Amino acid sequence: MRLPPGVASADFSAALEQFEAAVGKQWVFTSDEDVDLYRDSYSPFWHEQEEPVPSAAVAPDGVEQVQAVVRIANKYRIPLWTISTGKNLGYGGSAPLLGGSMVLDLKRMDRILEVNDKNHYALVEPGVSYFDLYRYIQDKGLKVWIDPADPGWGSLIGNAVDRGGGRTPMRDHFDAVCGMEVVLPDGELLRTGMGALPNSKTWQQYKYGFGPYITPAFSQSSLGIVTKMGIWLFPEPEAYLTGTVTVPKRDDLKPLVAGMAYLLNSNIVMGTTSVGSPLNFMRADPQLAALYAKPGGATTEDLEGFLHSRNIGYWSVELPFYGPAKVVQAQWEYAKQRFSSIEGVKFQDGKLRRFPIDPAEVPSFQNSVAVGIPSLGVFGVGGARSNGHIWFSPVVPMTGEAVLEAQKVFTDAYAEFGMPTGPMFFLGPASNYARCFLILFGFPIEHDVEKNKKNRENFMKIVKVAAEHGWGEYRTHTAFMQTVSDTYSFNDHSLRRFHETVKDAIDPNGILSPGKCGIWPKRMRKATA
Ligand code: ADP
């Protein structure tokens, strides 16, 4: 049996018995066969000692059981790592950051407590997946949309607390959170926002409650276990329309992004957009490869000329519009007008979709997630031979200048570190969050120790390169939480010191998710970088 760090075998056995008494014997997992299921399928530590493998797992079925588990963990100082459905692939999956932690698996708590299609919100437990909530809404014929994460098998709570993003107008998942119930590390039960008012009638309608607003303290956090969460939903719109804008020249990115920022920040475009260049997907083209292979590489004129000869634009973006049919058509017309001053701009109208959608029409969507229908289609991205990937995901300003700079900086860094020129996946820059771009780079996972070591080294280097340019990650794999946290170092790490002060006060025995986002409990704390 694997042991939690610093816990004697006899103590662990005693604790396991108590966990069994609290949740039922069949819901405490200790065999390697069971526990191995909680390992990270996209681990950058395949076949290495450092892979953080859990010691055991416990799966409570209600808030009182979660409280009981936490109290036992405190008694024996057993680190717990909370998961909802544990599908956070690319960011750590269901595995803990600290090897030997026990996984606190909440997927049995899967009740949909309320869905309201008059004020448009839901109240759910951690085990509720996007598929679960979608089916519930469909079965009951409710007129609300969920905003799924790209793979729909994850949970609303896990994704929102990790500050994941989707595609519809409710795409900033943490921003959509309204009211939480939380078990604190000492077993105390807390409700945030209006939930602190017994018998409140607006727990899911008004976020802030009274006094300091602390709901966000439970996102990317080791301060509590979220057992219920309110989330705002989007009223089913009448229609959805997309329109694609294509511009011919490299520097056209600047007015293109300026126009997008205006449309996004004025709520004319309310969904995720993703600016792309066909050059990213044409690397195998012999003519293009020859241009890149020239001494000194391809010039901007070369690339523009190449694209022009094929009648392809340099950049394009698909803009999504949600709302009444007349309004979305007018919004698209208005967008065209704003971009019309860019010389050579081209527009392509998408198909107007009306809701409720005919189920037969769903497969015709390139990505149904954009209209609130969960899917697992995203697993096609890496190709059949992929062993998975982890994401490097910096946040950059929403300007063409910043994107061009990021493109150069990361291309140069890839070349310098001996990584394949051009990222394997280069997704974005995307507007999952207001007023900035998120760029996602996939780092492949190999089942090869040396390749993974090299990839990990490169990952750490590229985090540093990004930080030197003022770009930080919005979220990261558990293996790099320390590295990323080290870059958020203003005033000699005053943010980390604040986090540690709070952590010590709330979790004095340091049992909850040690190391998460670079925050360690006092007893495990190393000297900070
Ligand atoms: P998903 O259900 O979307 O797959 P995971 O269960 O993999 O999400 O969790 C994603 C991240 O959020 C992990 O860092 C995990 O520790 C954290 N997390 C998940 N559920 C909770 C919860 N109920 N309370 C606090 N943190 C949580």
### Task
Quick one: accessible surface of Lys107, probe radius 1.4 Å, all protein chains present, in square angstrom to the nearest 10.
90 Å²
### Task
In whole angstrom, note down how far apart the Cα centers of the range 1-20 and the range 447-493 are.
33 Å
### Message
Below 8 Å, C-alpha to C-alpha, sequence gap of six or more: please give me the relative contact order for the chain in percent.
### Response
17 percent
### Query
Which of Ile357, Gln407, Gly195 sits closest to the plus end of the dipole of the chain, meaning its Cα is farthest towards the positive end, when Lys and Arg get +1 and Asp and Glu get -1 on the C-beta?
Gly195
## Note on the structure
For the chain, the percent of accessible surface on carbon and sulfur atoms (probe 1.4 angstrom, ligands and nucleic acids excluded) is 54 percent
#### Entry: Test item: Cα-centred dipole of the range 216-292, Lys/Arg +1 and Asp/Glu -1 on Cβ, debye
240 debye
## Note on the structure
Note to self: C-alpha centroids of the range 66-145 and the range 272-323 sit apart, in Å, by 41 Å
### Task
Per DSSP H run of n ≥ 4, the term is -39500 (n - 2.57); total these for the chain, divide by its residue number, and report the mean residue ellipticity at 222 nm rounded to 500 deg cm²/dmol.
-9000 deg cm²/dmol
### For the range 284-370, with +1 on Lys and Arg beta carbons and -1 on Asp and Glu, the positive-most of Gly323, Gly344, Ala290 along the dipole
Gly323
### Sum of side-chain charges, Asn367 neighbourhood, beta-carbon under 12 Å (Lys, Arg +1; Asp, Glu -1)
-1
### Query
Which of the aspartates and glutamates could be linked to Lys503 by a straight reach, that is with a Cα gap under 20 Å, when you skip same-chain ones fewer than 8 residues away?
Asp162, Glu181, Asp186, Glu188, Asp486, Asp492
### Message
Quick check: from the Cα gyration tensor, does the range 105-247 come out rounded (a/c under 1.5), prolate or oblate?
### Response
prolate
#### Entry: Cα-Cα separations in the chain greater than 46 Å, expressed as whole percent
14 percent
### Charge-dipole axis of the range 31-110 as Lys and Arg at +1 and Asp and Glu at -1 on Cβ define it, positive-most pick from Ala59, Leu89, Ser31
Ala59
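With only Lys, Arg, Asp and Glu charged, each at its Cβ (+1 for the first two, -1 for the last two), find how big the charge dipole of the chain is about the Cα centre; round to the nearest 20 debye.
Dipole magnitude for the chain comes out near 720 debye.
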### Summary
Note on the range 8-165: alpha-carbon gyration tensor, axes a ≥ b ≥ c; rule is a/c under 1.5 for rounded, else prolate if a/b larger than b/c, else oblate; result oblate
### Residue-wise HN-Hα coupling along the range 27-42, computed from phi with Karplus coefficients 6.51, -1.76, 1.60 (Hz; x: Gly, Pro)
10, 10, 10, 10, 6, 4, 4, 6, 5, 4, 5, 8, 5, 7, 5, 10
#### Entry: Val269 long-range amide H proximity, modeled H, under 5 Å
Leu264
### Task
Rank these residues by their accessible area, most exposed first, probe 1.4 Å: Asp139, Asp175, Asp507.
Asp139, Asp175, Asp507
### Message
With every protein chain left in place and a probe of 1.4 Å, what is the accessible surface of Ser266, to the nearest 10 Å²?
### Response
50 Å²
### Sum of side-chain charges, Asp486 neighbourhood, beta-carbon under 10 Å (Lys, Arg +1; Asp, Glu -1)
+2
## Note on the structure
Over 22 Å (Cα to Cα) among Lys87/Lys464; Lys461/Lys522; Lys207/Lys516; Lys143/Lys336; Lys228/Lys522; Lys408/Lys464 -> Lys87/Lys464; Lys461/Lys522; Lys207/Lys516; Lys143/Lys336; Lys228/Lys522
### Query
Got a sec to turn the phi values of the range 154-161 into Karplus ³J(HN,Hα) couplings, 6.51 cos²θ - 1.76 cosθ + 1.60 with θ = phi - 60°, whole Hz, x for Gly and Pro?
x, 9, 5, 6, x, 6, 5, 5
### Query
Got a sec? What order do Cys178, Cys517 fall in by accessible area at 1.4 Å, biggest, i.e. largest, first?
Cys517, Cys178
### Query
Any idea of the accessible area per residue across the chain, 1.4 Å probe, to the nearest Å²?
44 Å²
### Message
Keeping all protein chains in the complex and leaving out DNA, RNA and ligands, what accessible area do you get for Asp110 with a 1.4 Å probe, in Å² to the nearest 10?
### Response
80 Å²
#### Entry: Three-way shape label, the range 69-133, alpha-carbon gyration tensor, a/c 1.5
oblate
### Summary
Counting only DSSP loop positions in the range 1-61, the GluC sites (Glu not before Pro) whose Cβ has at most 15 other Cβ atoms within 10 Å are Glu48, Glu50
### Query
Gap in Å between the Cα centre of the range 169-202 and the Cα centre of the range 223-268?
26 Å
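Please return the longest stretch of the chain lacking exposed loop sites, where chymotrypsin sites (Phe, Trp or Tyr not before Pro) count only if DSSP places them in a loop and at most 12 other Cβ atoms lie within 10 Å.
Result for the longest clean stretch: 214-529.
The values are calculated or read from the model by the stated rules, or taken from the named source; none is laboratory data. As the structure is a computational prediction, the values presented were derived from the model and not from experiment. Backbone-built Cβ (ideal geometry, glycine too); neighbour counts: all protein chains shown. These accessible areas exclude ligands, DNA and RNA; they are computed on the full protein's heavy atoms, side chains included. Shrake-Rupley method; radii C 1.70, N 1.55, O 1.52, S 1.80 Å.
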